[in-house]
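In what follows, a single structure is set out as C-alpha cells and then discussed.
FYI, it's all coordinate maths here, none of it is from the lab. Worth saying up front: this structure is predicted, and the values here are computed from it rather than measured. Cβ atoms come from the backbone with ideal geometry, glycine included; neighbour counts cover every protein chain shown.
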Amino acid sequence: MPDTNRIALVTGANKGIGLEIARQLAQAGVIVIIGARDPARGEAAVADLASQGLKAQSVSIDLTDHATISAAAETIRAEHGKLDILVNNAGIVDAADGPPTTASAEAARRIMDTNFVGTLEVTQAMLPLLRKAPAARIVNLSSSLGSLSVNGDPTSPYYSARLIGYNASKAAVNMLTVQLAQELRDTPIVVNSVSPGYVKTDLTGHNGFMTPEEGAKLPVQYALLGENAVSGRFVEPGGETPW
C-alpha cells in the first residue's frame with residue numbers, strides 16, 4: 001500500500017545544502033530518503049538525522065550510473081509506493097572548467113553529464129512515483145550562474161564568473177524546469193528551479209555569504225508548497241531570477 005506520509009528524495013544529500021534540505025524536510029515531518037553516491041556516507045547522514053529524532057533512510061544513487069538510478073526508483077516503489085517530493089540537488093564543479101576559450105571540454109562534458117543529464121534521468125525515473133502522489137513537488141537546484149540574463153549583464157556581481165561547463169549545466173537545468181512544468185501543466189505536479197544563493201559548502205570551496213542552513217530554506221519552502229502553487233518559476237532568496 002502507498003505510504004500515507006510524505007516521502008522525499010534529496011539527491012546528493014549526505015553533506016552541504018543537500019543534508020540541510022533533508023534535515024529541514026524531516027523537521028517538517030517528511031520521511032526523507034538521502035540519495036548518495038557513497039552508501040557509507042549516506043548511512044552516516046541518516047545516523048546524523050536519527051540522532052535528532054528525525055526519520056530518514058538512504059539509497060545509493062549516482063547521477064552518472066543508470067543502474068543505480070533505476071535501482072533507487074525500484075527501492076522507493078517497493079517501500080513507499082510513491083514519491084511526494086524530489087529535490088534534484090546533486091551536482092559537481094570541476095577545476096578544469098573556466099571561460100569558453102580555456103575550459104577543458106572534457107570537464108564541461110563531465111559537468112553536463114552529472115548536473116543536467118543525470119538530473120534529467122533521475123527525474124524521468126522518479127516521475128511514475130511522483131504521479132502516484134496527490135500533489136508532488138520537484139525542486140531543481142539551480143544557480144544565478146545559470147541565468148543567461150545574469151551572464152550577459154556587466155552590472156551583475158556574477159558577470160565575471162565565467163565557468164562555461166557549470167553555468168551551461170544550470171542553464172540546461174532551467175530548460176528542464178520550463179519544459180517539464182509545461183508538459184505537466186494539467187497534473188498536480190509542480191516544478192521549479194531554485195537558486196539557494198552563494199552558500200559556503202565544499203562545492204564553493206567554502207566561499208559564500210550563507211550557511212548551508214540558510215541556503216536550504218528556499219528549496220525546502222518550494223518543496224513544501226501547498227495548494228495553488230505556481231509552477232515553472234526560477235527563484236532565489238531575493239525573489240524571481242531572470243531566465
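Report D for segment 102-200 in µm² per second (integer): Stokes-Einstein, Kirkwood Rh on Cα pairs, 25 °C, 0.890 mPa s. Numbers along the way, then the final one.
On the way: Rh = 14.6 Å.
Roughly 168 µm²/s, to the nearest whole number.
Adding -39500 (n - 2.57) for every DSSP H run of four residues or longer, then dividing by how many residues the chain holds, sets the calculated 222 nm ellipticity at -12500 deg cm²/dmol.
Evaluated at 20 °C with a viscosity of 1.002 mPa s, what Stokes-Einstein diffusion coefficient in µm²/s does segment 44-139 have when Rh comes from the Kirkwood expression over alpha-carbon pairs? The estimated diffusion coefficient comes to 142 µm²/s.
Can you put 86, 25, 127 in order, fewest other beta carbons within 10 Å first?
Working: 86 30, 25 26, 127 19.
Listing 86, 25, 127 from fewest to most nearby Cβ atoms yields 127, 25, 86.
Cross-link reach is defined here as a Cα-Cα straight distance under 18 Å, omitting same-chain residues fewer than 8 places apart; for residue 132 the lysines meeting it are 82.
Put in line by how crowded their Cβ is, counting other Cβ atoms within 10 Å and starting with the fewest, 123, 187 read 187, 123. Taking a straight Cα-Cα cut-off under 19 Å and skipping sequence neighbours fewer than 8 places away in the same chain, the aspartates and glutamates within cross-link reach of residue 55 are 3, 20, 43, 79, 84, 213. R0 = 30 Å: FRET efficiency of residue 213 with residue 101, Cβ-based, nearest 0.05? FRET efficiency, residue 213 to residue 101: 0.20. Here segment 160-179 and segment 111-149 have alpha carbon centers that stand 13 Å from each other. Taken one residue at a time, the phi angles of segment 127-133 give Karplus couplings (6.51, -1.76, 1.60, θ = phi - 60°) of 4, x, 6, 5, 5, 7, 7 Hz. Gly and Pro are set to x. Relative to the dominant Cα principal axis of the chain, helix 66-80 is inclined by about 40°. Using only side-chain charges placed at the Cβ, +1 for Lys and Arg and -1 for Asp and Glu, the dipole size of segment 7-237 relative to its Cα centre rounds to 300 debye.
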